[in-house]
Amino acid sequence: MNSEQLIKVSQEIRAKLVELSHKTKTAHLASALSCVDILVALYWEILNISPETSNDPQRDRFILSKGHGAPALFTALAVKGFFPINLLDTYAQEGSSLEEHPSPACVPGIDIATGSLGHGLSFGLGMAMSAKIKGEKQQHYILMGDGEINEGSVWEAAMLAPAKGLNNVTAIIDFNKWQGTDRSCDIMFLESIKQKWEAFGWETFEINGNDITSIVEVLKQDRKNKDKPTAIVAHTIKGKGVSFMEDDNNWHYRIPTFEEVGLAHKELGWKRIK
């Protein structure tokens with residue numbers, strides 16, 4: 001797909017996310033919106049996985065370590081055809097397989113439970129080490145939040161990966177500059193984040209995480225002749241795609257009204273099909 005087509009997919013997913021938050025009265029909308037372009041780049045251009053191969057042992061693996069971004073992952077999987085799109089309407093409702101954080105095999109394409117922040121990278125390294133032992137060639141991608149990397153377990157895993165030569169791992173940090181209650185850099189010292197990962201022995205890139213072309217380019221480069229794990233610092237905007245939500249941390253928990261859904265859809269060029 002070309003960049004324009006990928007952008008349209010991102011707009012569709014964002015429009016569905018805003019409506020989903022309103023319908024299901026669930027939070028974390030802004031956190032989901034910030035990582036949409038990363039998910040589209042991965043699932044439409046990079047990952048060796050499809051609805052037909054979601055259980056293939058040789059498939060690439062993706063872990064959404066920032067589990068509160070689950071609506072973005074579920075919506076991307078539904079749009080991609082991993083499960084019927086009308087299942088999204090049951091998100092976070094009683095009895096639904098779509099809980100507020102991903103759980104193992106809740107739908108095709110989900111391998112592990114996430115949401116207890118700081119665990120996804122360690123899970124990914126375990127899977128990558130297993131693949132190395134078995135001589136398998138799949139790649140392992142882990143998407144983390146910038147607030148999540150406050151957790152010490154992330155940095156323990158960061159030291160382990162280069163020591164074990166895990167060149168089949170790519171960690172992506174959704175650096176949207178916010179966490180639940182404040183600016184990420186006011187809670188922890190996150191400046192020079194690229195240099196931090198480099199110092200831990202990772203091949204590190206810094207990109208615009210809401211520019212699909214840049215994301216695809218660096219991920220394609222990353223798959224070639226790797227000799228160490230890769231970290232990608234993706235600068236994103238919390239609430240990306242909806243002007244009145246962008247960089248406004250109130251939307252970490254706030255639910256859009258019916259009128260706000262309409263305004264967001266207008267900005268995104270989206271018309272609901274009745």
Legend entry - region 206-251: number of residues that are touching a residue at least 60 places away in the same chain (Cβ under 8 Å), more than 21 Å from SER3 (Cβ to Cβ) and not in a strand (DSSP E or B): 10
Legend entry - Residue tally, condition within 12 Å of ILE142 (Cα to Cα) and aliphatic (A, V, I, L, M), over region 118-131: 4
Legend entry - Breaking point among (1) surrounded by fewer than 21 Cβ atoms within 10 Å (Cβ to Cβ); (2) closer than 22 Å to GLY67 by Cβ; (3) touching a strand residue (DSSP E or B) at 6+ places or on another chain (Cβ under 6 Å), for THR170: (1)
Inset, instruction - State all residues of region 18-63 that are surrounded by 18 or more Cβ atoms within 10 Å (Cβ to Cβ) and of a type in the set (S, T, N, Q); if no residue qualifies, say none. - result: SER21, THR24, THR26, SER31, SER34
Legend entry - Which numbered condition LYS66 fails, given (1) surrounded by 24 or more Cβ atoms within 10 Å (Cβ to Cβ); (2) over 26 Å from ASN168 (Cα atoms): (2)
Inset, instruction - Being among the hydroxyl-bearing types (Ser, Thr, Tyr) and in contact (Cβ under 8 Å) with a residue 12 or more places away in the chain is the filter; apply it to region 109-160 and report the residue that is farthest from ILE49 (Cα to Cα). - result: SER153
Inset, instruction - Those residues that are surrounded by fewer than 17 Cβ atoms within 10 Å (Cβ to Cβ) and among the small types (Gly, Ala, Ser), I need them from region 186-213; list them, please. - result: SER192, ALA199, GLY201
Inset, instruction - Please identify the pairs in which a residue from region 19-40 that is at positive phi has its Cβ atom under 9 Å from the Cβ atom of a residue that is among the polar types (S, T, N, Q), counting only partners at least 6 apart or on another chain. - result: HIS28/SER21
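FYI, it's all coordinate maths here, none of it is from the lab. Not measured: the values here are computed from a predicted model. So basically every Cβ, Gly included, is an ideal-geometry build from the backbone, and we count neighbours across all protein chains shown.
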